[in-house]
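> Here it is: the structure, laid out below.
The values are calculated or read from the model by the stated rules, or taken from the named source; none is laboratory data. What you are looking at is a predicted structure, and each value in this text was computed from that prediction instead of being measured. In this analysis, Cβ positions are derived from the backbone assuming ideal geometry, glycine residues included, and neighbour counts consider all displayed protein chains.
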Amino acid sequence: MIIINKRNLFFLISVWLLSTLLSAQNVTISTPQTQLLLSVPNGGTPEQLYYGSRTSDADIRSICETACRRNAYPVYGMGYPCETALSVRHADGNLTLQMAVIGVKETRLTKENATLTVIELKDKVYPFFVNICYKAWQDADVIETWTEIRHEEKKPVQLQQFASAYLPVRRGNVWLSHLSGAWANEGQLCQEALQPGMKVIKNTDGVRNSQSAHAEVMFSLDGKPQENTGRVIGAALCYSGNYKLRIDTQEDDWHHFLAGINE
């Protein structure tokens, strides 16, 4: 039988709270009017807690305690049921990834009036590394994001799917706006409500990648787009080659938006 008096109990609780605070780390990425909040615990999975209008410090603390967490960069291989941002075949033929946070770097880019945040990930088994980069402009409500992928395995690793960015969008009456068309009929506006299933916007024309579809979309979060009202999220893939935008809607509470090179 173990006997713990109040003093010892307080000490144990204090140690537990301290270890919890030390192991957890949240990163806030801000523009003048928007914020992205990430949970990046050392040795754990990077998770997105919030993306939306800029909030107060008190609201951020509340979000950290109550938010529905989503993987910030989902990878294939360990029970993730939706579309993944990254899947590979290791040198030994294994398809599994388990990415964990090994570091966070935050840099102020004074000349560009921006901040750069880099979330460093490493696979728990293989010498395989991913950096998730976020560049937040301080004079515009724009967050630029991309990934840097490398490995130190003894033989080549095959990249099978590798998105530059991933963003979960809360399900609701969400509409998608994008441009399509053909020769002499380019830039036709398409607007549609997002439904269960997969929506794909892609191009395989190489450098002529904006004649038909376009790698720019807008999500209207409050129903069918209106000219002067409503919340929107705009996204553009800045790439001059073949691309693929995927929006995966399954039985959970999110639309999963992924954008990158067309494999």
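> What are the residues in segment 195-209 that are of a type outside the set (D, E, K, R) and either surrounded by fewer than 17 Cβ atoms within 10 Å (Cβ to Cβ) or under 14 Å from Val174 (Cβ atoms) (or both), if any? Walk me through how you get there before you give the answer.
Restricting attention to segment 195-209, the residues satisfying the condition of being of a type outside the set (D, E, K, R) are 195-198, 200-201, 203-204, 206-207, 209.
Once the filter is applied, which keeps residues that are of a type outside the set (D, E, K, R) and either surrounded by fewer than 17 Cβ atoms within 10 Å (Cβ to Cβ) or under 14 Å from Val174 (Cβ atoms) (or both), segment 195-209 yields Gln195, Pro196, Gly197, Met198, Val200, Thr204, Gly206, Val207.
> Taking Gln161 as meeting all but one of (1) assigned to a strand (DSSP E or B); (2) modelled with pLDDT of 95 or more; (3) of a type outside the set (Ser, Thr, Tyr); (4) touching a Ser or Thr at 6+ places or on another chain (Cβ under 6 Å), write down the number of the exception.
(2)
> Picking from Glu227, Glu251, Glu192, which residue would you name as being surrounded by fewer than 11 Cβ atoms within 10 Å (Cβ to Cβ) and either under 22 Å from Tyr76 (Cα atoms) or at pLDDT 95 or above (or both)?
None of the others qualify; the one that does is Glu251.
> Take the residues in segment 169-189 that are assigned to a loop (DSSP other than H, G, I, E, B) and among the aliphatic types (A, V, I, L, M), then tell me which one is modelled with the highest pLDDT.
So the residue we want is Val174.
> Can Glu83 be described as within 30 Å of Arg231 (Cα to Cα) and assigned to a loop (DSSP other than H, G, I, E, B)?
On the way: within 30 Å of Arg231 (Cα to Cα): yes; assigned to a loop (DSSP other than H, G, I, E, B): yes.
Taking the combined requirement at face value, the residue satisfies it.
> Can you go through Val101, Val40, Val88 and tell me which one is closer than 23 Å to Arg246 by Cα, surrounded by 15 or more Cβ atoms within 10 Å (Cβ to Cβ) and either at pLDDT 95 or above or of a type in the set (A, V, I, L, M, F, W, C) (or both)? Talk me through it step by step, then tell me what you get.
Values: Val101 fails: closer than 23 Å to Arg246 by Cα; Val40 fails: closer than 23 Å to Arg246 by Cα.
The match here is Val88.
> Out of all the residues in segment 216-263, which are outside any strand (DSSP E or B) and among the polar types (S, T, N, Q)?
Initially, segment 216-263 is screened for residues outside any strand (DSSP E or B), giving 221-231, 237-242, 250-253, 262-263.
The answer is Gln226, Asn228, Thr229, Ser240, Asn242, Gln250, Asn262.
> What are the residues in segment 137-158 that are touching a His at 6+ places or on another chain (Cβ under 7 Å) and part of a strand (DSSP E or B), if any?
none
> Out of segment 23-61, which residues are β-branched (Val, Ile, Thr) and closer than 23 Å to Lys124 by Cβ?
Matches in segment 23-61: Val27, Val40, Thr45.
> So which residues in segment 110-134 are buried (at least 19 other Cβ atoms within 10 Å of the Cβ), of a type in the set (A, V, I, L, M, F, W, C) and under 18 Å from Val88 (Cα atoms)?
Across segment 110-134, the qualifying residues are Leu121, Phe128, Val130, Ile132.
> OK, next. May I ask you to verify whether Leu95 is crowded, with 16+ Cβ neighbours inside 10 Å, in contact with a Lys or Arg (Cβ under 8 Å, 6 or more places away or on another chain) and either of a type outside the set (A, V, I, L, M, F, W, C) or touching a residue at least 12 places away in the same chain (Cβ under 8 Å) (or both)?
No; evaluated as a whole, the condition is false for this residue.
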